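Presented below is the structure to which this report refers.
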Amino acid sequence: MAVARPRPRPVRPGRPRLTVIPGGRLHRRAPGVRFVVLASLIIAVLVFGLVLLHITLAQSSFELHRVHGRVVEEEDRYRRMRYEIARAESPAKVAQAAAAAGLVVPEEQRYLITSSAVAEGPPAEPGGEGLKAVLSKQP
Amino acid sequence: MAAVKFRPKLRLVVLMLLVWLGSAAVAGRLVWMQGLASDRYTQLAAEQRVRRFVLPPQRGSIYDRDRVELAISMDMQTIFANPRFVPDPQAAAEALGPVLGLEVSMLEEKLSRESGFVYLARKADPALAETVKGLRLPGIDTVAESKRFYPASKLASHVVGFVGVDNEGLGGLEQRHDRLLTGTPGEVLMERDPRGRPIPAGRSRFIPPTAGHDLILALDRQIQFTAESALVRAVEQFGAKGGTIIVMKPGSGEVLALANLPTFDPNEPGNAPADTRRNRAVTDVYEPGSTSKVVTAAAALESHVIKAADVLHVPDRIALAGKVFNDWAPHPPLDITFAQVIQQSSNVGTIKVAAKLGKERLHEYMKKFGYGLSTGVEFPGESRGMLPDPDAWWETSLPTMAIGQGVAVTPLQIVNVYATLANGGVAVAPRFVLATVDERGTLKPSRPGGSRRVIAEETASVLTEILVGATELRHGTGRNAAIDGYQVAGKTGSSQKVIEGQPGYSGYISSFIGFAPAGDPRLVVGVILDDPRPIWGSVTAAPAFKEVMQFALRHLGIGPGPVLHVEGAPLPAPVRSGGATGEEPASPIATD
């Protein structure tokens, strides 16, 4: 059996000697770096601004929702108060309270004919007298 | 063995092909999903995230003419459960039972159902809902729901009407103007995350609900209350089965009050029998009796068949076509004027004049006054009454109808007849609604109903004077309706009552309808009582008329107005054996 022989290493050409070249521009930067940095900053600001705007809008929508809910609550409260007023003002309740306070509905109603103004219609008792004369008769 | 030699280039090609195939598959799938089937996937995604909520509109309120609420809606809290999230139905039922006032077993059954939603308490008080929330029971929650309230309870219940559990109008003006009162629902569309939280930047749309319109009615609460109280007293005092009182403004047709007995509380409509909820003033018909004689009189005067001062020979009975028609009390033959025939409500005198008028003209004027026609009030269930065609009249129809039997009218129709007289012979359609207020608060007056001339102003004037005599003359039948300081024009009625569903009569309808002040009519009031004892309208209905009219005149500050000089000499002999306020003998209208 033949033994495999490694192939000989290829011969590399000699490495050139490095020397310092005086007066060379060693720290020359890549062209447009400033532009790239500036652009990146601007984009970052814009993106951040957009995000901030979006957050503000979202917060405003929540606030709007909260205010709207408050409006609905106040409107409902207003209706409840109107309901309570209408209940309290119902003629049945008023009549009940009036009766409890001893008030009565007058049986008769008379029209007085005064000297300065004449109420049309059948003359009521006392007929033809002035208002002053009528009132002066009262205790 | 020879070594297998792999060529790097082939391996790379195979790998590249596999990558290309894979990429092509992914790309193809992307094209399919993003392009060809994008709509379907967008829809699926939206269904998962986007939720649509209907926002119910606020139902409009109903006000009286002074803008006080007769009907108003408020948010209440409906308590519900999702049984799938109730871990221990028994414990939850035991906790909720005492709070809700419900049986624990019934609650436990509800909470054990295979359902995602069950009602526990519908439209409950917010304080109760807070108590339930405080229990912190899983699967139990609340939601706001609007509920209708009627702060004045039974006041004007038949006019205002009522709603069902879902706030749909089921009677009265709530039903008639349901669409206007309901408004338009709104909508909220929003995207929610899997936890149900809204996504602020997501798709959203908000369409606010449009509130329903408010109604402002012509009703006056105070006059309505007075009418209802007077009706209750009259029904109780005279043992009537029920009744109706209507108060109207003749010039505009505005209905200031409309009271019916029996009545109901619209806050709990289900607790009252169905027949108490109908507006009898508009839906029920009856034979108007003597109150209809004004129509016969108007026809006769307008057709120049007779004049008010013409003298007639009037016995107490008359035979026509095999039937005998009586006056309501026996009396010797009298020579009285036509005006006195009406003032004393003589059947015989009226029939004699009707015979000269003829059936065609009588029918014509009945129709002109609105018999057999809708009043134009546009109220649900309004009946047109009954007026047979002249071709269908029997030989006895003319005398029968001339005295107000054999025709059928609703209380509103007959009150509108008197409103026409009060309005100088011009009929105006009655109306309940004065104006509406839209969601922006803009007031829109309702268009008044149509008006039409029925009789000449002069005829109306003559009739008014005749009717004043009915309340002022010594033997007028309406003296119990007279009001101190005012001239009242009116007519009594005591008519036989039709037996429902079969021919014949049983019982009586008593009525008084009139207007005041006669010289410048501003109000019309009609009182109709169902089967009172005694039967006479002069005794039962006239006092209630006086009470309501007197209050309404005072409440509205209406003075006596110009005085009419009423012609009419005292009667030579009493027509009846009883006085105006005493018990009067019953007398059949017609006998065979």
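Listing for the model above:
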read-out: In the stretch B:503-552, residue nearest to the other protein chains (Cβ to nearest Cβ) [restricted to those that are over 22 Å from the mean Cα position of the chain (by Cα) and of a type in the set (S, T, N, Q)]; value: B:Q550
read-out: Residue in the stretch B:20-36 that is surrounded by 12 or more Cβ atoms within 10 Å (Cβ to Cβ) and either small (G, A, S) or within 14 Å of chain A (Cβ to nearest Cβ) (or both) present; value: no
read-out: Meets criteria (in contact with a strand residue (DSSP E or B) (Cβ under 6 Å, 6 or more places away or on another chain) and either under 22 Å from B:P208 (Cβ atoms) or at pLDDT below 90 (or both)) for A:R79; value: yes
read-out: Some residue of the stretch B:216-234 being part of a strand (DSSP E or B), closer than 15 Å to B:L173 by Cα and of a type outside the set (K, R); value: yes
read-out: Residue within the stretch B:426-447 that is closer than 19 Å to B:G561 by Cα and touching a residue at least 12 places away in the same chain (Cβ under 8 Å) present; value: no
read-out: Scope the stretch B:195-205; condition exposed (fewer than 14 other Cβ atoms within 10 Å of the Cβ) and touching a residue at least 12 places away in the same chain (Cβ under 8 Å); matching residues; value: B:G202, B:R203, B:R205
read-out: Positions within the stretch A:40-98 being more than 29 Å from B:V188 (Cα to Cα), among the β-branched types (V, I, T) and more than 12 Å from chain B (Cβ to nearest Cβ), in sequence order; value: A:I42, A:I43, A:V45, A:V47
read-out: Wholly within the stretch B:111-193, helices (runs of 4 or more DSSP H) carrying at least 3 residues that are of a type outside the set (V, I, T) and free of Cβ contacts under 8 Å to residues at least 60 places away in the same chain; value: B:126-134
read-out: Out of B:L96, B:L15, sole residue that is farther than 28 Å from B:S204 by Cα, in a helix (DSSP H, G or I) and either within 14 Å of chain A (Cβ to nearest Cβ) or under 42 Å from the mean Cα position of the chain (by Cα) (or both); value: B:L96
read-out: Hits in the stretch B:279-320 (condition: surrounded by 19 or more Cβ atoms within 10 Å (Cβ to Cβ), polar (S, T, N, Q) and either at pLDDT below 95 or part of a helix (DSSP H, G or I) (or both)); value: B:S290, B:T291, B:S292, B:T296
read-out: Residue match in the stretch B:556-567 (condition: more than 14 Å from chain A (Cβ to nearest Cβ) and surrounded by fewer than 16 Cβ atoms within 10 Å (Cβ to Cβ)); value: yes
read-out: Residues located in the stretch B:221-253, provided they are surrounded by fewer than 23 Cβ atoms within 10 Å (Cβ to Cβ), in contact with a strand residue (DSSP E or B) (Cβ under 6 Å, 6 or more places away or on another chain) and not aliphatic (A, V, I, L, M); value: B:K241, B:G242
read-out: Given (1) under 29 Å from B:N267 (Cα atoms); (2) buried (at least 18 other Cβ atoms within 10 Å of the Cβ); (3) not charged (D, E, K, R), index of the condition B:P89 fails; value: (1)
read-out: Residue among B:G161, B:G116 that alone is modelled with pLDDT of 95 or more and not aliphatic (A, V, I, L, M); value: B:G161
read-out: Residues within the stretch B:375-425 that are of a type in the set (D, E) and without any contact (Cβ under 8 Å) to a residue 24 or more places away in the chain, tallied; value: 1
read-out: B:A81 being farther than 25 Å from B:P266 by Cβ and in contact with an Asp or Glu (Cβ under 8 Å, 6 or more places away or on another chain); value: yes
read-out: Qualifying position, being of a type outside the set (A, V, I, L, M) and more than 22 Å from B:L312 (Cβ to Cβ), among B:G358, B:G349, B:G372, B:G404; value: B:G372
read-out: Among (1) away from chain A (no Cβ under 14 Å); (2) of a type outside the set (D, E, K, R); (3) in contact with a strand residue (DSSP E or B) (Cβ under 8 Å, 6 or more places away or on another chain) - the single one B:I483 does not satisfy; value: (1)
read-out: Any hit, the stretch B:324-339, residues being in contact with a helix residue (DSSP H, G or I) (Cβ under 8 Å, 6 or more places away or on another chain), touching a residue at least 12 places away in the same chain (Cβ under 8 Å) and β-branched (V, I, T); value: yes
read-out: Residue under evaluation B:V50, criteria (1) among the β-branched types (V, I, T); (2) out of contact with any strand residue (DSSP E or B) (no Cβ under 9 Å at 6 or more places or on another chain); (3) farther than 30 Å from B:A156 by Cβ, criterion not met; value: (2)
read-out: Residues within the stretch B:241-273 that are assigned to a loop (DSSP other than H, G, I, E, B) and not β-branched (V, I, T), tallied; value: 14
read-out: Candidate set from the stretch B:77-91 (those that are in contact with a helix residue (DSSP H, G or I) (Cβ under 7 Å, 6 or more places away or on another chain) and not in a helix (DSSP H, G or I)); member that is farthest from the other protein chains (Cβ to nearest Cβ); value: B:V86
read-out: One residue from B:R67, B:R49, B:R59, B:R40 being within 14 Å of chain A (Cβ to nearest Cβ) and closer than 28 Å to B:I207 by Cβ; value: B:R59
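The values are calculated or read from the model by the stated rules, or taken from the named source; none is laboratory data. Values in this document were obtained by computation on a predicted structure and should not be read as measured data. We place every Cβ from the backbone using ideal geometry, glycine too, and count neighbours over all the protein chains shown.
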